[in-house]
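I have placed the structure first, in the form of structure tokens, so that the comments after it can refer back to it.
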Amino acid sequence: MEAYLVAIAIVTGIYVLLALGLNLQYGLTGIINFGHVGFFCVGAYTAAILSQHGVSLFITLPASAALAALAAWPLGLVSLRLRDDYFAIVSLGFSEVVRLIVTSERWLTNGVQGIPGIPRMFADLSGMSQASAVLGLLLVLNLVAIFAMRRMVSSPFGRMIEAIRDNEEAVKALGKDPARFKLRVLMLGSALAGVGGAVYAHYIGFIAPEQFIPLITFQIWMAIIMGGVGRVSGALVGTIILMVFMEGSRFLRDVLPFISEVEMASVRIGIVGLALILFTIHRPQGLMGDYTRK
Amino acid sequence: MTLRIRGMTKAYGGLRVVDDVSFEVSSTAVTGIIGPNGAGKSTLFSLVTGFLDGDAGSVSFADKDLSRASPMARARAGMVRTFQVPREFTHLTVRENLLTAAPNQSGEGLLDVFLRPGRIRQEEERIRAEADAMIAFLKLDRVADSPAGGLSGGQKKLVELGRALMTGARLILLDEPFAGVNPVLIETISDRVRELNARGIGFLIIEHDLAALTKLASVLHVMDRGRLIASGAPSVVLSDPQVRDAYLGGAAA
Amino acid sequence: MRDIIELASIGLVSGLVIGLAALAVTLVFGIARFANAATGDTMTLGAYAALIGTAWTGSFLAGGALGIAAGAATGLLAYHFVFKKLEQRSSVASLLASIGVGFVIRAVLGLVFGHGQQVFQLPMVRPFRIYDIRVQPNDLKIAAAAIVTLVVVFLILHATPIGRRMRAVADDPMLAKVSGIAPKRVMIALWALAGGVSAVAGVLLGMKTVVSPEMGWEMLLPAFAAAVLGGIGHPVGAVVAGILLGVAQEVVSPLVGFTYKIALTYAVLLGVLLFRPRGLFGRNEGVR
Ligand SMILES: Nc1ncnc2c1ncn2[C@@H]1O[C@H](COP(=O)(O)OP(=O)(O)O)[C@@H](O)[C@H]1O
Ligand SMILES: [Mg+2]
């Protein structure tokens, strides 16, 4: 039971990293990123491939963040000037193309078979203490991310991205280029997703293209919308609610054993879909209320 | 400094919304643009400030050709607009709205946010003082710390004016600053415009409130169906029969 | 050379399917003003409904009719329960909700029909040759059905009062409001039409390949790309662009490999947005 809780806490920690990234992008800046999972994927594969070549964890984590941010750079450069909804479509396409690439380039990624045997973190520890160490690492990563984000929100940079969220045209009228700020935000959020991907790859030990479907992106969307758009704490609250849903659906299987794993997958898609619909209609600012920025 | 507009033209479908408009605006004056609804005044503003691409025409400010420049570059050249429907940053306070407008803030760079907090604090103190002075000047003290989204229409117009001023603009383009604004606030805005103009800031103002506008502007341009139909001193322009016909028309009374 | 023409003719058929999906996207974008990400899953739903209908009645035509009816009904339900409530909000709210609508449709289809692939039991016919080009009779049927659908849709848009009103709203929502066009009626017609067209696209795609819960979602990107390439809100443009994309996908697939076919649509989407955002046929859209 304890191991189970730690496992859930670890997955939650990874999702919180993703949610913090998306919250920075959408909640604070208004970027409609529908391709978040693509950067998660880039991070995971970077860590997996590097560590296959014996690169240590201390390098794979920052490398994953850097590569995910780097992948965001050309995307942002060319498409952040587009209308919001066009960027949404383009970013969704981006994550699908990333998945296509990791599926097709077998020499690098082993195609649909995926990459097994990714080295674990803290391999010299065993059992619970290893899992706790991973959890500790995630805690540190999340705290650093939250601290950095608070610093940013209260800086002139943070003021500017919130101005961009409120009215991009007016920012232009003041002589400041919104695309410049949005590009940085996109890259930062992607770096968080990339780190999340790296921890995920090292923790699960096996990655394959089918793990990086758009559903993941929209689970994160569900989390930040439920938790409260634009609140740093919202990412945390929302992710916990998300995990309750997802793990709850697992328990549902224990109660109703005749539901197959495939059917459960459909149920999860349905839950995410319903949550997106209901929250956009009835509680667009999430369970926790309106934007309160701090 | 002079804003030169030459042959500005913009068509939607076959309709020329702005049709070969040329005139000059001095940044030492207050200049008015009038014309019936749909005459193309706001579109002209967007063309001049780069928010819309024209089909033909050129724009220069302070002898610098800006015809191909981005809206940001045009604003940085010293020519800043406001919008007919105010575009305040709704979730930011009035003070924060003004702070966003201050130019060249090193705190807008991410590296400096983390590596040079001291310098940013100093800068913030300076522009905060500037913003506070602006707030007092525009009589926005009572709402300085309220989110701008909750202000009255007139107050929002003041916030937009304050933001434009904070950029250090030399020529400010106001799109209907008096529309929906109560008479007391119209007086405030007018006084401020006059004071600022005396300090060397130019204004180009689109306005339907002729009484208020003629008290401010020394030159009027009249647009009708995309064309510039008259220009000159208010008294001359307003007695022009063509203007009375086009603009004042039935509503002359 | 003959290979290329053969590929192009295959592409023409899949292009018609993309074109239909893009038509549904562009109608909604032009009139309701948002990118409807549920279009793909509405296609899937149409295909499954047609499968059931065919099994019940034994007639493929009757099955197709049920598919269209189901697609139209889905469009209307989505409008009534979701998009109508978001009309006053930003287009992003509707876009996000449309992802949710798509997910719900896919979840229901997955639960009811399972995740296996199903096929339409079409009679096996030998391919024949026209001027030495191999032609699949089924492809001809698909193309014919697509063309009939297009003709019907354009007749509705241009020759009926409600169609003319839809186009007026697409041209200028402000003007349309002022001139007293009942927007609600237009919206109902729009969602029924877009749902029906999506369903036809889904049925034809199912005839061409297989029916599975993911089939429509995978068509979403090509459909968006074609809608953008054709000029958002421009029905003829969407169809022409869909055909161009379909042909281009097939013709380049020997060069870039089968899997990167889809990446081509992405490249086209990006390229158009960057260099000619109004697409092939669209007008300049001003920022107001
Ligand atoms: N994006 C657009 N598409 C089509 N027509 C437009 C667009 N923007 C403005 N117009 C038309 O251009 C004309 C001029 O508008 P505008 O410049 O706002 O007038 P004014 O500010 O003088 O009232 C109006 O007839 C308006 O309907
Ligand atoms: Mg106007």
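The values are calculated or read from the model by the stated rules, or taken from the named source; none is laboratory data. Remember, it's a predicted structure, so these values are computed and weren't measured experimentally. Counting neighbours? That spans all protein chains shown, and the Cβs are built from the backbone with ideal geometry, glycine included. These accessible areas exclude ligands, DNA and RNA; they are computed on the full protein's heavy atoms, side chains included. Shrake-Rupley method; radii C 1.70, N 1.55, O 1.52, S 1.80 Å.
Numerical summary
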| item | result |
| --- | --- |
| Chain A: angle of helix A:84-104 to the longest principal axis, Cα-based, in degrees nearest 10 | 30 degrees |
| Anchor C:LYS85: lysines whose Cα lies under 25 Å away (excluding residues fewer than 8 positions away in-chain) | C:LYS177, C:LYS184 |
| Rounded accessible area per residue of segment A:2-212, 1.4 Å, Å² | 35 Å² |
| Rounded Å value of the spacing that divides the Cα centres of segment B:148-176 and segment A:1-23 | 45 Å |
| Portion, in percent, of the accessible area of the protein assembly as shown that falls on carbon or sulfur, probe 1.4 Å | 63 percent |
| Packing-based ranking, highest mean first, of B:91-97, C:265-271 given that Cβ atoms within 10 Å are counted | B:91-97, C:265-271 |
| Number of partner chain Cβ atoms within 10 Å, mean per residue of A:157-169 | 6 |
| For B:THR93, distant residues with modelled amide H under 5 Å away | B:ALA148 |
| Shielding of A:145-156 by partner chains, average beta-carbon count, 10 Å | 3 |
| Segment A:2-212: C-alpha gyration tensor shape, a/c 1.5 cut-off, then a/b vs b/c | oblate |
| Relative contact order [Cα under 8 Å, 6+ residues apart], segment A:179-294, whole percent | 31 percent |
| Residue-wise HN-Hα coupling along segment B:183-196, computed from phi with Karplus coefficients 6.51, -1.76, 1.60 (Hz; x: Gly, Pro) | x, 5, 5, 4, 4, 4, 4, 4, 4, 4, 4, 4, 4, 5 |
| In Hz, Karplus ³J(HN,Hα) per residue of segment B:68-80 (6.51, -1.76, 1.60; θ = phi - 60°; x = Gly, Pro) | 10, 6, 6, x, 5, 5, 5, 5, 5, 6, x, 10, 10 |
| Accessible area (Å², 1.4 Å probe, nearest 10) - C:LYS184 | 120 Å² |
| Candidates A:GLU261, A:GLU168, A:GLU210: whichever shows maximal mean-square fluctuation once chain A is modelled as a Gaussian network with Cα springs under 10 Å | A:GLU261 |
| Interchain or long-range residues, amide H under 5 Å from B:LEU173's placed H | B:VAL80, B:ARG81, B:THR82, B:LEU204 |
| Mean separation of Cα contacts under 8 Å (6+ apart) over length of chain A, as relative contact order % | 33 percent |
| Calculated Rg and Dmax of the protein assembly as shown using C-alpha coordinates, Å | 29.3, 94 |
| Buried area at the B-C interface (accessible, heavy atoms, 1.4 Å probe, summed, Å²) | 300 Å² |
| Relative contact order (%) - segment B:94-150, alpha-carbon pairs under 8 angstrom, separation at least six | 54 percent |
| Angle between chain A longest axis and helix A:156-166 axis [Cα atoms, degrees, rounded to 10] | 80 degrees |
| Positions from segment C:232-276 whose accessible area shrinks by 40 Å² or more when the full protein complex is built, not the chain alone, probe 1.4 Å | C:THR259, C:TYR260, C:TYR266, C:LEU270, C:LEU273, C:LEU274 |
| Chains C and A, summed buried accessible surface - 1.4 Å probe, Å², nearest 100 | 3400 Å² |
| Per-residue mean of C-beta atoms belonging to partner chains within 10 Å, peptide B:113-125 | 2 |
| Kyte-Doolittle mean at least 1.0 and Cα axial length at least 24 Å: DSSP H helices in chain C | C:2-31, C:60-81, C:91-113, C:137-159, C:183-208, C:235-256 |
| Cα long-axis angle, helix A:178-204 against chain A (0 to 90 degrees, to the nearest 10) | 10 degrees |
